[in-house]
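Enquirer: After the structure tokens below, expect a handful of questions from me.
The values are calculated or read from the model by the stated rules, or taken from the named source; none is laboratory data. What you see is a predicted model; the values in this text were computed from it and never measured. Note: ideal-geometry Cβ built from the backbone for every residue, glycine included; neighbour counts use all protein chains shown. Accessible surface is based on the protein model in full, side chains and every heavy atom, while ligands, DNA and RNA are left aside. Shrake-Rupley method; radii C 1.70, N 1.55, O 1.52, S 1.80 Å.
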Amino acid sequence: MRRQISAPDYNLEDKNNELVASPPGGAGAAHEEAPRPPPPPAPRNGTSSKQGGLTIVRRSSSRGKTESSPPTDEQLDQLDLETEHLPAVDTPDACDKAALRLRYLLRQLNRGEIAVETLQNNLQYAAKVLEAVYIDETKITRHAEQPRVQPTTLHMRRLRTPCWARCSVEKPNEAKRLADEDDELSEVQPDAVPPEVREWLASTFTRQLATAKRKSDEKPKFRSVAHAIRAGIFVDRIYRRVTSTALMQFPQDVVRVLKTLDEWSFDVFALHEASLGSPIKYLGYDLLNRYGMIHKFKVQPTTLENFLSRIEEGYCKFHNPYHNNLHAADVAQTVHYMLCQTGLMNWLSDLEIFATLVAAIVHDFEHTGTTNNFHVMSGSDTALLYNDRAVLENHHISAAFRLLRDEENNILQNLSRDEFREFRTLVIDMVLATDMSFHFQQLKNMRSLLTLAEPSVDKSKAVSLVLHCCDISHPAKRWDLHHRWTMSLLDEFFLQGDKERELGLPFSPLCDRNNTLVAESQIGFIDFIVEPSMTVCADMLEYILGPLHSSTKTSTSTVKQDSINEESAGAETNTKFKIKKPWVACLMDNKKIWKEQATKDAEDRAKLEEEENGPPPTQPDE
Ligand code: 5GP
Ligand code: MN
């Protein structure tokens with residue numbers, strides 16, 4: 001099924017005329033992009049079960065053809081009442097057809113002009129359509145329980161307008177225009193909202209206390225499907241309006257930098273400066289908003305701000321030159337590039353995107369600035385706790401989830417239990433896979449999987465590989481950025497070397513400040529680690545996203561084979577789907593610079609040696 005999501009905008013004029021509304025807490029790959037009616041008032045925090053409700057599938061083209069605007073007599077006169085060639089009952093088209101037929105039947109009944117058989121057949125079809133609308137809800141529940149496998153559904157996502165563009169103090173008129181454009185609330189009559197929804201709105205978003213309590217056995221009743229849709233839209237609009245007024249304010253300098261967030265060589269150092277040392281706070285917030293996560297998982301803006309601030313603090317705890325908040329922001333931005341510029345976001349569910357972004361943000365949380373090897377060799381408490389296995393990675397995950405136990409930081413409090421479990425498993429898998437000691441195994445596994453005739457790529461494995469690649473991606477960025485990262489990492493390595501010397505431990509590789517060949521080691525890192533990783537990752541993305549691409553042919557984020565020249569080396573056919581690979585050129589450039597540097601370093605060393613020891617002995621003539 002092809003689906004253009006109007007994600008959180010409830011855009012009733014989506015190009016393919018389709019709108020799906022899912023129930024409160026509804027999960028599952030096939031439905032997660034759908035706007036949801038209001039969540040229950042009490043936070044669920046991953047502990048309570050899902051609430052029931054209708055899943056409503058409706059063609060947006062039918063706007064104006066629902067209750068408020070029934071079909072004209074002319075339209076009804078032209079209706080053919082045969083029931084043999086009707087669309088499948090679980091499709092949006094079926095809803096339109098059934099509604100039209102019911103209208104027709106009503107008219108004919110009023111006129112007393114209807115054959116019993118026609119009446120029966122058409123009522124039966126309409127009933128099946130309504131049942132299918134309901135059955136969809138059970139599909140959601142079952143889907144959430146199934147293992148994560150490659151879905152056959154396609155969600156063409158559209159990222160949200162950044163919140164700084166909505167409420168930027170820089171351009172009040174622009175912000176107003178965007179807000180107006182966005183807001184179709186005026187088209188929804190307030191009386192379309194049932195009393196219980198009103199009550200929830202009032203008690204959640206105003207200081208008003210819930211007055212009349214609903215009796216426990218009294219279920220919300222929507223007068224009609226159209227009514228339910230309108231109520232969902234109304235509530236969602238209100239929610240967005242309320243949350244956007246509470247959205248974090250973005251300083252102008254931060255906004256200026258964030259405008260380039262979609263670029264491969266995004267300057268995270270500039271963001272660090274502009275944000276006065278809080279890149280995670282702004283970048284994390286912006287990303288989670290752009291992907292609609294704040295909205296979809298009902299994250300309170302202040303809770304998110306708290307969470308991101310605590311994470312940022314954790315990254316600054318040990319004042320590391322490299323493994324700090326900047327690195328986390330850099331990795332999260334690179335993951336964003338992979339999600340949105342390759343089209344990966346269209347292969348993933350909301351929950352998977354949420355988990356991927358959060359995993360990137362927390363993946364080195366409270367890093368000590370020393371390696372796993374150092375923890376093990378020095379017998380640190382953390383090594384003791386995690387039995388020398390993935391010591392740091394285990395700590396990053398554990399400490400981040402511990403933080404989430406505090407209500408004020410708990411951005412997951414409105415996830416259902418199933419959603420929480422899936423989210424947690426994904427984050428654990430992804431962060432554990434950033435342990436460099438899994439690198440070769442991880443690459444080998446993916447490579448051999450991709451050689452199979454019909455590989456089935458596990459979602460968790462795919463996003464883990466993406467995160468791992470983003471984690472080591474700075475050598476594949478523009479030289480100025482890569483060079484700065486290299487210097488920071490070396491600073492950190494050398495500080496570890498100093499500690500190793502103090503403790504009488506052997507130097508870890510690259511940690512001896514007096515004996516490290518920087519350029520050579522970087523060439524090696526690029527040749528043996530980064531380049532092969534990016535290649536396997538790109539192959540994997542092209543494999544998993546190919547079918548999505550061929551079924552749409554509309555992706556603007558992909559490039560044609562003939563336009564990528566050097567990047568398309570090894571292409572098999574002219575029709576094979578290719579992603580943009582800006583890293584290919586960067587890796588080549590950076591390697592060239594390191595090679596020049598290595599030559600120069602070797603000459604300098606030879607000169608120095610000559611100064612110290614005199615000229616090298618000349619070779620005796622043969
Ligand atoms: P992280 O520790 O960030 O989770 O995992 C990335 C690891 O990749 C680093 O710890 C480090 O070992 C390695 N790495 C990242 N960038 C470089 C680099 O520029 N040169 C070298 N030699 N290793 C790097
Ligand atoms: Mn990292």
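Enquirer: Around Ile311, what is the net charge, scoring Lys/Arg as +1 and Asp/Glu as -1 over all other residues with Cβ under 15 Å from its Cβ?
Expert: Here the count lands on -4.
Enquirer: What's the carbon and sulfur percent of the range 404-563's accessible surface, probe 1.4 angstrom, rounded to a whole number?
Expert: C and S fraction of accessible area: 55 percent.
Enquirer: Could you please report the charge total around Leu608, scoring K, R as +1 and D, E as -1 over all other residues with beta-carbon less than 15 angstrom from its beta-carbon?
Expert: Summing Lys and Arg as +1 and Asp and Glu as -1 gives -4.
Enquirer: While we're on this one: At 0.36 nm per residue, and after removing the present C-alpha to C-alpha distance, how many nm does the segment from Arg417 to Glu596 gain when stretched out fully?
Expert: Full extension of this stretch gives 58.9 nm more.
Enquirer: If I ignore ligands, DNA and RNA and count only protein heavy atoms, how much of Val89 is accessible to a 1.4 Å probe, in Å² to the nearest 10?
Expert: 50
Enquirer: Can you pull the three principal axis extents for the Cα set of the range 239-348, in Å, largest first?
Expert: Principal extents (largest minus smallest coordinate, Cα): 40, 31, 25 Å.
Enquirer: Quick query: amide H of Phe266 versus all other amide H atoms, modeled in the peptide plane; which residues come in under 5 Å with a sequence gap of 5 or more or a different chain?
Expert: none
Enquirer: With the Cα gyration tensor of the range 330-472 giving a ≥ b ≥ c as the square roots of its eigenvalues, does the rule (a/c under 1.5 for rounded; else a/b larger than b/c for prolate; else oblate) give rounded, prolate or oblate?
Expert: oblate
Enquirer: When only Cα pairs under 8 Å and 6 or more residues apart are kept, what is the percent relative contact order across the range 264-423?
Expert: 28
Enquirer: Can you tell me the accessible area per residue over the range 400-488, all protein chains present, probe 1.4 angstrom, in square angstrom?
Expert: Accessible surface, normalised per residue, equals 43 Å².
Enquirer: So what J values fall out for the range 488-500 if you push phi through Karplus, 6.51 cos²θ - 1.76 cosθ + 1.60 with θ = phi - 60°, rounded to Hz, Gly and Pro as x?
Expert: Ordered by residue, 3J(HN,Hα) equals 5, 5, 5, 3, 5, 4, 5, 5, 5, x, 4, 5, 4 Hz.
Enquirer: At 0.36 nm per residue, and after removing the present C-alpha to C-alpha distance, how many nm does the segment from Thr425 to Glu609 gain when stretched out fully? Numbers along the way, then the final one.
Expert: Working: separation 184, 0.36 × 184 = 66.24 nm, distance 5.49 nm.
Working it through step by step, the gained length comes to 60.8 nm.
Enquirer: When the accessible area of the range 268-341 is split by element with a 1.4 Å probe, what percent falls to carbon and sulfur?
Expert: So the carbon and sulfur contribution to the accessible surface is 50 percent.
Enquirer: Moving on. Give me the number: length gained by fully extending Gln252 to Leu385, i.e. 0.36 nm times residue separation minus the C-alpha to C-alpha distance, one decimal in nm.
Expert: 43.5 nm
Enquirer: With θ taken as phi - 60° and the coefficients 6.51, -1.76 and 1.60, list the Karplus ³J(HN,Hα) couplings across the range 410-423 in order, rounded to whole Hz; mark glycine and proline as x.
Expert: Working through the residues one at a time gives 7, 6, 9, 5, 9, 7, 6, 4, 4, 4, 4, 4, 5, 4 Hz.
Enquirer: Sticking with this structure for a sec: Grab the alpha carbons of the range 250-296, take their convex hull, and tell me the volume per residue in Å³.
Expert: 64
Enquirer: Right, something else. What is the sum of charges around His395, taking Lys and Arg as +1, Asp and Glu as -1, for the other residues whose C-beta is under 11 Å from the C-beta of His395?
Expert: With Lys, Arg at +1 and Asp, Glu at -1, the net is -3.
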